[in-house]
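Visitor: So that we are looking at the same thing, I have put the structure below in structure tokens.
The values are calculated or read from the model by the stated rules, or taken from the named source; none is laboratory data. Remember, it's a predicted structure, so these values are computed and weren't measured experimentally. Neighbour counts are summed over all protein chains in view; Cβ atoms, including those assigned to glycine, are modelled from backbone coordinates with ideal geometry. Only protein heavy atoms, including side chains, enter the accessible area calculation; ligands, DNA and RNA are left aside. Shrake-Rupley method; radii C 1.70, N 1.55, O 1.52, S 1.80 Å.
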Amino acid sequence: MLRNRLLVVTVWVALALFGFYANANINSLLTTSISVPGSESAKADAIIESAFGETTEGAFSIFVTYDKNATKSEVALLQQKIKVVSAQFSNTHLVQNRAINGVLYANLQTPYDLQDASAITEKLRKSLIQIGISNAKVSGPPAIKYDVSPILEKDLQRGQIVAIAVALIFLFLTLRSIWSMLVPLIMAITIISTSIGIIYLLAHKILMVLYIPNIVELIGLGLAIDYSLLMVHRYKLDGDIKRTQRTILISGSTVAIALSTLILIPVPFMRSLGIAGVIVPLVAMAAATTLQPVLLSYLGADGPKPKFATNRFRLLATFVVKQPIAVIMISIALIAIPTSQLANLKVTPSSLSALPANLESAEAIKIATDRAGEGIISPIQVVIKLPAVSDVNMARVKLASEIAQNNDVFAVATDRSYVDQTGKIFRIFVISKNNLGDSQELVRYLREISNDFPAGTEIFIGGAPAQGFDLVEKIKQTFPLIAIFMVSLSFVLLRRFLFSFLIPIKAILLDLISIGAAIGTAVFFMNNGLGVYKLEQIEIWTLLFIFSVLFGLSMDYEVFIVSRIRESYLEKKDNKQAIIDGLANTGGVVTTAALIMICALTGFVTGHFAGLQELGVGLIAGIAIDASIIRLLLLPATMVLLGKWNWSNPRISESRTNS
């Protein structure tokens, strides 16, 4: 590879430059859709689109507050003005335009997808002002996307600045060479930009989520610096990076395997997160085996050897080796505190109310929540499809009346105008008092309610709350089996690399412990609003992403440390001394890498969106716990107790085990 240094650099520069272009243009290809293909809500949405020319993602909610003492004629004038505004937009129509508790609520349906509908948000708002409704607030999925996109970009930029600044400090303190510390930064920029470029190409063909650039750039920054730091460290110590490259390939593979499980979940929203997540470690592995050796040949040879507080970690390891049982008991007690918060875990498909308060779409949601309930933003739609045209007015009214009696229902809207041109399909709009998470039981109730329609009638429950219900149910059905597959595959990979049967099992158990503590910490912070939004529910996608990322990163740290312990064990045949040597040589690298990763992830916590805050708190807690209590205390302590059984590997020949 070093013989073709110029070619290698040229290829990666070209990929990075394309990534910069992609990063500037990718936002228009991203969405927030949580639709589940083949689900009842997806079928309902398909019928609504074909019969009424409307899309769930393209619906606007308009709120106008007025004096409760206003006359009927004054309210009617407001309603007429909104009708005039809606007529200015082709192919759109009002399906709601009613006064509720001093608020005029209008639901403007469009045939557009999220991106196209988002593009007319500003025009809609200006039209309302021009017609004399200056206090109108526009929300709904398109308006929310229009408002949050620039905020997400600003959060990302701020997070990048903080992460890079802190990374520079740590890299200089540990590598003690300006030229050497440039290598991890160049690697990070290259890996992130290349990953974004690949995602940009894929986004033209498959659904990609709005959060993906933030996730890829901040997690990619930490992961790229982690891998690069390890290689620079080994190169500066003894000039041998081949073993480190092999370790990185195994570590990257475990991260990729963990994140690839998200691709197996049959939900486009989750698959896009999985695809984006897998791309980062794959690109990182490619760069580590091609670009980094070239950069080290140019920049990495000069300067003093890295300083990673080796003696301090040797003292820590010596203490753990002498007191393994006490260390294990104290560690478990510490981890039990955050893990206990899992008892308070509640999930939601999304947190619409957790938006920056100064956004117009957030102001609209607050009006709705104060006067009617968050459910008014995203009504549930009951779609009735008759086998033939018939008079079912009495059955329709009876069903609407039964639905209205449910304690979770704020209002029900149904009349003859909600019928398609064939007369076979009509709708009932159900407005919940609750948010998406708390509306799940209402969706279940609507799907089970009896009716008096003719035989052969099909009823589908659609709208955003139904989409959320189907999302949560699909994840609950599929992820446990997928997680078992991920754990099994990781076990096989680690066993082949570490030549041990028990160490992979121990690693998996320790990973699950740290993940439980991380999610418990996220629950505690969000439930109590400690520097983040105060929410009772966690967005379900963040739990899966936290699980997958932490499982992969935890395996990363496991492989880094245990591979060096094994090297020492093969050389000295002394288990305790191998543990001390391995922790002394890798403890500082792992800790530094973890600190850099934590700093990169602070961009999520300091941002303005609940899902990313939950992700940030969970990942930061998980990495901090894993890089300290798990890897520096529990890992060596358990290896001391296992003794020679650490390296027992049945079914593999003795000669290979000891090779």
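Visitor: Just give me the residues in segment 397-428 being among the basic types (K, R) and at pLDDT below 90, in sequence order. Let's see the steps before the verdict.
Guide: Filtering segment 397-428 down to residues among the basic types (K, R) leaves 398, 416, 424, 427.
R416, the sole residue that qualifies.
Visitor: For segment 289-312, what are the residues that are at pLDDT 65 or above and farther than 13 Å from H233 by Cβ?
Guide: Within segment 289-312, the first condition is being at pLDDT 65 or above, and the residues that meet it are 289-299, 310-312.
Passing the criteria: T289, T290, L291, P293, V294, L295, S297, Y298, L299, N311, R312.
Visitor: So, D116, is that one in contact with a Gly (Cβ under 8 Å, 6 or more places away or on another chain), part of a helix (DSSP H, G or I) and surrounded by fewer than 17 Cβ atoms within 10 Å (Cβ to Cβ) or not?
Guide: The answer is yes for D116.
Visitor: Quick one: S500 ticks every box in (1) assigned to a helix (DSSP H, G or I); (2) touching a helix residue (DSSP H, G or I) at 6+ places or on another chain (Cβ under 7 Å) bar one, so which box is it?
Guide: (1)
Visitor: Still on this structure, I have one more. In segment 88-97, is there at least one residue being hydrophobic (A, V, I, L, M, F, W, C), out of contact with any Pro (no Cβ under 6 Å at 6 or more places or on another chain) and at pLDDT below 85?
Guide: yes
Visitor: Does L471 satisfy the condition of being more than 27 Å from L94 (Cβ to Cβ) and open to solvent by less than 10 Å² (accessible area, probe 1.4 Å)?
Guide: When the stated conditions are applied, L471 passes them.
Visitor: Taking interchain pairs and intrachain pairs at least six residues apart, which have beta carbon atoms under 8 angstrom, with the first residue in segment 483-494 and farther than 15 Å from L544 by Cα and the second among the acidic types (D, E) and buried (at least 18 other Cβ atoms within 10 Å of the Cβ)?
Guide: L494/E558
Visitor: A further question follows. Within segment 515-537, can you find the residues that are out of contact with any Ser or Thr (no Cβ under 7 Å at 6 or more places or on another chain) and open to solvent by less than 10 Å² (accessible area, probe 1.4 Å)?
Guide: Hits for segment 515-537 are I515, A518, A522, V523, M526.
Visitor: Please give the number of the condition K576 fails out of (1) at pLDDT below 90; (2) open to solvent by 10 Å² or more (accessible area, probe 1.4 Å); (3) in a helix (DSSP H, G or I).
Guide: That leaves (1) as the condition not met.
Visitor: Say we look at segment 145-166 and pick out the residues that are open to solvent by less than 10 Å² (accessible area, probe 1.4 Å) and at pLDDT below 80; which of these is nearest to E363 (Cα to Cα)?
Guide: G159
Visitor: A follow-up question, please. What residue, of V183, V232, is modelled with pLDDT under 80 and among the β-branched types (V, I, T)?
Guide: V232
Visitor: Looking at (1) modelled with pLDDT of 90 or more; (2) under 23 Å from I431 (Cα atoms), which is the only condition D113 fails?
Guide: (1)
Visitor: Then there's this: Just one of (1) closer than 30 Å to G197 by Cα; (2) in contact with a helix residue (DSSP H, G or I) (Cβ under 8 Å, 6 or more places away or on another chain) trips up A24, so point out which.
Guide: (2)
Visitor: Take N107 and decide whether it is surrounded by fewer than 18 Cβ atoms within 10 Å (Cβ to Cβ) and farther than 30 Å from L291 by Cβ.
Guide: Judged against the criteria, N107 is not a match.
Visitor: Still on this structure: Sort through S86, S61, S73, S41 and tell me the only one that's loosely packed, with under 15 Cβ neighbours inside 10 Å and not in a loop (DSSP other than H, G, I, E, B).
Guide: S73
Visitor: Looking at (1) surrounded by fewer than 18 Cβ atoms within 10 Å (Cβ to Cβ); (2) assigned to a helix (DSSP H, G or I); (3) at pLDDT below 90, which is the only condition I328 fails?
Guide: It is condition (3) that I328 fails.
Visitor: Follow-up question, since we're still on this one. How many residues does segment 1-38 contain that are open to solvent by 30 Å² or more (accessible area, probe 1.4 Å) and assigned to a helix (DSSP H, G or I)?
Guide: At the first step, the residues of segment 1-38 found to be open to solvent by 30 Å² or more (accessible area, probe 1.4 Å) are 1-7, 9-11, 13-15, 17-18, 20-21, 23-25, 27-29, 32, 35, 37-38.
In the following step, the residues that additionally are assigned to a helix (DSSP H, G or I) were identified as 2-7, 9-11, 13-15, 17-18, 20-21, 23-25, 27-29.
The total comes to 22.
Visitor: Right, here's the next one. Write out, first by first residue and then by second, each pair whose Cβ atoms fall under 7 Å of each other, whose residues are 6+ apart or on separate chains, and whose first residue, in segment 279-299, is closer than 23 Å to P213 by Cβ while the second is not in a helix (DSSP H, G or I).
Guide: Taking only residues 6 or more apart or on different chains, not a single pair turns up.
Visitor: Looking only at segment 526-538, how many residues end up being within 17 Å of the chain's Cα centre (by Cα) and either basic (K, R) or assigned to a helix (DSSP H, G or I) (or both)?
Guide: Final tally of qualifying residues: 1.
Visitor: For D452, only one of the following conditions fails: (1) at pLDDT below 90; (2) surrounded by fewer than 15 Cβ atoms within 10 Å (Cβ to Cβ); (3) assigned to a helix (DSSP H, G or I). What is its number?
Guide: (3)
Visitor: Are any of the residues in segment 482-491 assigned to a helix (DSSP H, G or I) and open to solvent by less than 10 Å² (accessible area, probe 1.4 Å)?
Guide: yes
Visitor: When I212 is evaluated against the numbered criteria (1) surrounded by 18 or more Cβ atoms within 10 Å (Cβ to Cβ); (2) in contact with a Cys (Cβ under 8 Å, 6 or more places away or on another chain), which criterion, by number, is the only one it fails?
Guide: Among (1) surrounded by 18 or more Cβ atoms within 10 Å (Cβ to Cβ); (2) in contact with a Cys (Cβ under 8 Å, 6 or more places away or on another chain), I212 violates only (2).
Visitor: Within segment 622-647, how many residues turn out to be small (G, A, S) and open to solvent by 20 Å² or more (accessible area, probe 1.4 Å)? If you could, list the steps in order and put the result at the bottom.
Guide: Residues of segment 622-647 that are small (G, A, S), as a first pass: 622, 624, 627-628, 637, 643.
Those left that are additionally open to solvent by 20 Å² or more (accessible area, probe 1.4 Å): 624, 628.
Residues flagged as small (G, A, S) and open to solvent by 20 Å² or more (accessible area, probe 1.4 Å) within segment 622-647 amount to 2.
Visitor: Can you tell me which residue among I189, I199 is part of a helix (DSSP H, G or I), surrounded by fewer than 24 Cβ atoms within 10 Å (Cβ to Cβ) and of a type in the set (V, I, T)? Walk me through it before giving the result.
Guide: Numbers: I199 fails: surrounded by fewer than 24 Cβ atoms within 10 Å (Cβ to Cβ).
Among I189, I199, only I189 is part of a helix (DSSP H, G or I), surrounded by fewer than 24 Cβ atoms within 10 Å (Cβ to Cβ) and of a type in the set (V, I, T).
Visitor: State all residues of segment 44-56 that are open to solvent by less than 40 Å² (accessible area, probe 1.4 Å) and assigned to a helix (DSSP H, G or I); if no residue qualifies, say none.
Guide: A44, D45, I47, I48, A51, F52
Visitor: Scan segment 589-611 residue by residue and report those that are over 17 Å from I515 (Cα atoms), in a helix (DSSP H, G or I) and open to solvent by less than 10 Å² (accessible area, probe 1.4 Å).
Guide: Those that are over 17 Å from I515 (Cα atoms), in a helix (DSSP H, G or I) and open to solvent by less than 10 Å² (accessible area, probe 1.4 Å): V589, V590, A593, I596, A600, G603, F604, A610, G611.
Visitor: Quick one: N358 ticks every box in (1) more than 21 Å from L612 (Cβ to Cβ); (2) at pLDDT below 90; (3) open to solvent by 40 Å² or more (accessible area, probe 1.4 Å); (4) of a type outside the set (K, R) bar one, so which box is it?
Guide: That leaves (1) as the condition not met.
Visitor: Of the conditions (1) in a helix (DSSP H, G or I); (2) of a type outside the set (A, V, I, L, M, F, W, C); (3) within 21 Å of Q477 (Cβ to Cβ), R246 fails just one. Which one is it?
Guide: Against the list (1) in a helix (DSSP H, G or I); (2) of a type outside the set (A, V, I, L, M, F, W, C); (3) within 21 Å of Q477 (Cβ to Cβ), R246 comes up short only on (3).
Visitor: I've got another one for you. For segment 450-461, does any single residue satisfy the condition of being over 29 Å from S390 (Cβ atoms) and out of contact with any helix residue (DSSP H, G or I) (no Cβ under 7 Å at 6 or more places or on another chain)?
Guide: no
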